[in-house]
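A short worksheet on the structure shown next.
The values are calculated or read from the model by the stated rules, or taken from the named source; none is laboratory data. The structure displayed is predicted, hence computed values, not measured ones. Here the Cβ is made from the backbone with ideal geometry for all residues, glycine too, and neighbour counts use every protein chain on show.
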Amino acid sequence: MSCSRLRACVATLAALAACRGDSGVPDAGPAPDSGAPAAASFPVAPTSLPASAAVVASAAAAASAAPTASASAAPDAGVGASAVAGCKLRRGPLALSLRGPALLWTPDEAARADFRVIFNRDGVAQHVAPALGGLAAPSFGLAAGASPPRDAAPALGALAAPASPPRQAAPDAGAAGGEPARASWPACTVASRFVFCMDHGGTIRRTPLWGAEGPPIGAGRRGTEISAVSLPGGHTLLAFLSDRKTSEGVVTQAFAVLDDRPAVPLSEEGSGATFVALSPWKGGALAMYIDARSALTPVHARTLGLTPEGKIELGTDAVLFVGDAGESRMGGALAVGAGGPAYVLLPAARDLSAFGMAAIRIDEAPRDDMPAAWSLYPNGLSPAPIAATRGVSPIHVARVRPIAREPGSRHALELGQLDGEGRFQPRCLAVEGTSFNHVAIEADRDGSLWIAYTTGAGTFIEQRALGP
């Protein structure tokens, strides 16, 4: 479908837009389920663990007796069975004392060896330092007289032996050890020396990472994603969604904020937005937004930079891809290599009979009507959490998919990477459970992957080493 035909369709179907005020927003914490991930066997000092983590550790002894998924669970017929054993568990999983979407962040971007977690507590960033075995002691660089974070987690024991993924679900960590406190939606985001968080009312603040309060810089739609990146000269760029009244009614659109200046529209007039993401890109930024509707799902992208006067410069809005009918909970990810192409990753229906991950490539600049490399899931899933690394090669992806075609099938957190054509190459099924609500992934300089994931039972962090 051409860009001009798409815009005509979008105008005709505006009344059906899923991005209007009733499109549904995740609450402050998803409903619990029984799908807490099981721990791999590793030595641990029970007295040093918080109550929720102690329950996970106590299940370790029984983990070896639990059944594991077979290699036949791999979704793509063209991928060999050996692809499901390629990421060894090194440390964790550690159950954190908050449950909700987690931001993985490192205070030393050059070293990228010590990852922390930041949770959103009603618009306030709460740092968590999971001091896994072998890492340096946490150091938050606090100003004189400041208090350390309240939620620094104790150390785990020695490195884990390689596990046979996926691990089966353990008892709900909150059932016996007390339910973890709930973090707020959405996850916070970090750019330069600032952290951006949205409170329950939708107000977004830009706060210095090491304390002090920041002024409101945006009024977003409650519970929807926010994204921020650093720009040259110490500037920050924030993207968020907000409801605006138009001649067609209330429509959710994407906006951008440079530093603490007034917001400017990021999505084109006449286009809605149900998800937005930013990534550093060629000395500026790359923005992607999804306009999930009941009849079709356009995916837009454009570049952003700075004018000589220090204002936002918007590149041409491109309709990269048009998917089938979507819903407001549909998310995606921007995946960017180290100097190579970028990819928009979209879990969506390919047609009436197939669902999977579409990888849409962006080279020098976003263009209309780009082809997609598909990696099919055994069945559909909504929501289908997904995350990808940025700034490293190869690009690593963490995604949640059903294990089997049957309705009600359990879900797996699958790790893999993109090849040079954007095709997904699975490495392992890392964790199995009844549901996942959020996932984050980062790569360190040592070649390991850090993943954080949230189920109804809690939020967990672990480190994995890539290997055969």
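For region 191-219, residues that are of a type in the set (V, I, T) and over 22 Å from G233 (Cα atoms) total 2. Considering (1) within 25 Å of D122 (Cα to Cα); (2) buried (at least 20 other Cβ atoms within 10 Å of the Cβ), the lone condition that P215 does not fulfil carries the number (2). If you go through region 257-267 one residue at a time, do you hit one that is modelled with pLDDT under 95 and farther than 22 Å from G202 by Cα? No, because not a single residue in region 257-267 is modelled with pLDDT under 95 and farther than 22 Å from G202 by Cα. Selection over region 406-445 of residues that are under 14 Å from the mean Cα position of the chain (by Cα) and of a type outside the set (D, E) gives a count of 9. M370 meets the stated requirement of being farther than 16 Å from A277 by Cα and outside any strand (DSSP E or B).
Among residues of region 451-468 being modelled with pLDDT of 95 or more and in contact with an Asp or Glu (Cβ under 9 Å, 6 or more places away or on another chain), the one that is farthest from W185 (Cα to Cα) is I451. In region 257-269 there is at least one residue that is in a loop (DSSP other than H, G, I, E, B), more than 27 Å from R193 (Cβ to Cβ) and among the hydroxyl-bearing types (S, T, Y).
Residue-by-condition table, conditions (1) surrounded by fewer than 19 Cβ atoms within 10 Å (Cβ to Cβ); (2) within 21 Å of R350 (Cβ to Cβ):
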| residue | (1), (2) |
| --- | --- |
| P383 | yes, yes |
| T389 | no, no |
| A412 | no, yes |
| L415 | no, no |
| L418 | no, yes |
| E421 | yes, yes |
| L429 | no, no |
| N437 | no, no |
| S448 | no, no |
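When P378 is tested against the conditions (1) closer than 21 Å to E225 by Cβ; (2) touching a Pro at 6+ places or on another chain (Cβ under 6 Å); (3) at pLDDT 95 or above, the lone failure is (1).
P426 meets each of the listed conditions (1) more than 19 Å from G92 (Cα to Cα); (2) not in a strand (DSSP E or B) apart from (2).
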